[in-house]
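These notes are about the structure you will find just below.
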Amino acid sequence: MKETINQVAQQIKAKIGGYTPKIGIILGSGLGGVAEAIENPVIIPYEEIEGFPRSTVSGHAGRLVVGKLNGVDVLCMQGRVHFYEGHPPAALALVIRSYKKLGIEKLILTNASGSLNIDMGPGSLMIISDHINLSGCNPLVGPNDETVGPRFPDMTYAYDPELRQKLLKTAEQEGINMRSGVYLMTSGPNFETPAEIRMFRILGADAVGMSTVSETLCGVHCGMKVVGVSVITNYGAGMVADRQTHDETIAQANEAGKKLQRILTRFVREI
Ligand code: HPA
């Protein structure tokens with residue numbers, strides 16, 4: 001595993017020339033706009049990196065975009081790899097650890113998710129304050145390499161309080177409303193049943209999705225500062241009588257995605 005991490009990091013390093021990103025951004029479904037705002041990008045399709053998992057989801061481009069966002073070097077993952085695609089949890093760990101090896105210190109995670117909170121409708125942006133892992137997947141399972149991180153990593157401040165505060169402030173400066181909430185991860189790939197949605201609400205979650213938590217666990221374990229944002233595309237199953245049309249969902253995700261792009265473009269300069 002360690003050798004593969006080093007090899008993956010070396011291959012990326014060899015391709016990105018003079019860029020030395022310390023900020024990594026992982027883009028969720030339909031949120032590719034941020035990658036488009038990166039100037040003078042070096043684009044690396046995952047299949048050109050030996051040992052790197054492939055993205056199989058349509059709508060996920062499956063490439064790294066490295067370059068300048070608002071003058072700041074960033075490494076952006078356009079199209080993440082999900083547990084539900086059949087990747088072993090170790091593959092998810094490899095991605096994050098290779099970024100760490102490359103020099104990434106701060107990880108910005110984004111996702112599209114369903115709302116569990118009636119006050120937070122489609123099109124809302126939610127800063128992840130904490131998470132609940134109900135995915136059945138934990139990429140830290142297995143022998144622990146103490147040189148990467150501790151066996152029992154603390155998750156009290158999994159989502160870095162300082163970065164969250166700065167993100168909130170940046171959103172305010174852009175005149176965009178953001179709230180904080182708890183993100184719950186399922187393995188997917190199916191959407192939830194109404195009974196599951198009722199249970200998740202009782203558990204204290206505000207949004208549900210199929211990603212992010214595994215990346216947070218790996219990032220925190222290897223000493224990165226992590227911050228996460230959910231773009232709410234719909235209410236959880238059974239929460240509202242009129243299920244919105246797919247076109248409405250896409251339109252709302254696009255609108256919120258544009259706002260997120262404005263926020264992140266400014267945010268990378270603040271951190
Ligand atoms: N559930 C899980 N994942 C999601 C949803 C949802 O309702 N919406 C977008 N991603």
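The values are calculated or read from the model by the stated rules, or taken from the named source; none is laboratory data. Every value quoted in this text rests on a predicted model; they were computed, and no experiment measured them. So basically every Cβ, Gly included, is an ideal-geometry build from the backbone, and we count neighbours across all protein chains shown. Only protein heavy atoms, including side chains, enter the accessible area calculation; ligands, DNA and RNA are left aside. Shrake-Rupley method; radii C 1.70, N 1.55, O 1.52, S 1.80 Å.
Per residue, the convex hull spanned by the Cα atoms of the stretch 123-221 amounts to 117 cubic angstrom. Expressed as a whole percent, the accessible surface of the chain that belongs to carbon and sulfur atoms is 50, based on a 1.4 Å probe.
The equivalent ellipsoid that matches the C-alpha gyration tensor of the stretch 1-103 spans semi-axes of 20, 17, 10 angstrom, in descending order. Could you tell me which of Tyr183, Ile197, Phe152 has its Cα farthest along the dipole of the stretch 146-221 towards the positive end, charges placed at Cβ (Lys, Arg +1; Asp, Glu -1), taken about the Cα centre? Ranked along the dipole, the leading option is Ile197. Entry comment: accessible area of the chain is 45 Å² per residue, from protein heavy atoms only and a probe of 1.4 Å. In the chain, helical runs assigned H by DSSP with n ≥ 4 each contribute -39500 (n - 2.57); averaged across all residues and rounded to the nearest 500, the mean residue ellipticity at 222 nm is -10000 deg cm²/dmol.
Counting Lys and Arg as +1 and Asp and Glu as -1 over every other residue whose Cβ lies under 12 Å from the Cβ of Thr249, the net charge comes to -2.
Got a sec? Which residues in the stretch 28-50 would a label at Asn254 touch, if it sits 7 Å along Cα→Cβ and we count backbone N under 19 Å? Within reach of a label on Asn254, which here means backbone N under 19 Å from a point 7 Å along Cα→Cβ, the stretch 28-50 contributes 28-37. Two numbers describe the Cα atoms of the stretch 207-271: Rg and Dmax, which are 15.2, 44 Å. Among the trypsin sites (Lys or Arg not before Pro) found in the stretch 210-271, those both in a DSSP coil and sparsely packed, with 15 or fewer other Cβ atoms within 10 Å of their Cβ, are Arg243.
Helix 161-173 and the longest principal axis of the Cα set of the chain meet at an angle near 60°. For the stretch 165-224 versus the stretch 70-116, the inter-centroid distance based on Cα atoms is 15 Å. Percent of Cα pairs in the stretch 66-172 per distance bin of 10 Å, from zero to the largest separation: 10, 35, 41, 14, 1. Seen through its C-alpha gyration tensor, with square-root eigenvalues sorted a ≥ b ≥ c, the stretch 152-271 comes out oblate because a/c lies at 1.5 or above while a/b is not bigger than b/c. Placing a pseudo-label 7 Å from each Cα along the Cα-to-Cβ vector at Ser187 and Gln10 gives an inter-label distance of 3.5 nm.
Sorted from greatest to least, the principal axis extents spanned by the alpha carbons of the stretch 76-132 come out as 40, 27, 22 Å. Would you mind counting up the charge near Pro122? Only other residues with Cβ under 10 Å from its Cβ, with Lys and Arg at +1 and Asp and Glu at -1. Neighbour charge sum, excluding Pro122 itself: -2.
DSSP beta bridges confined to the chain are antiparallel in about 35 percent of cases. Net charge near Val229, counting Lys/Arg +1 and Asp/Glu -1 over other residues with Cβ under 15 Å of its Cβ? Taking every other residue near Val229 into account, the sum is +3. Overall size of the chain from C-alpha positions, given as principal axis extents largest first: 53, 40, 34 Å.
Taking 26 Å as the straight-line reach from the Cα of Lys166, the lysines in range (excluding those fewer than 8 positions away in the same chain) are Lys22, Lys68, Lys100, Lys101, Lys106, Lys225, Lys258, Lys259.
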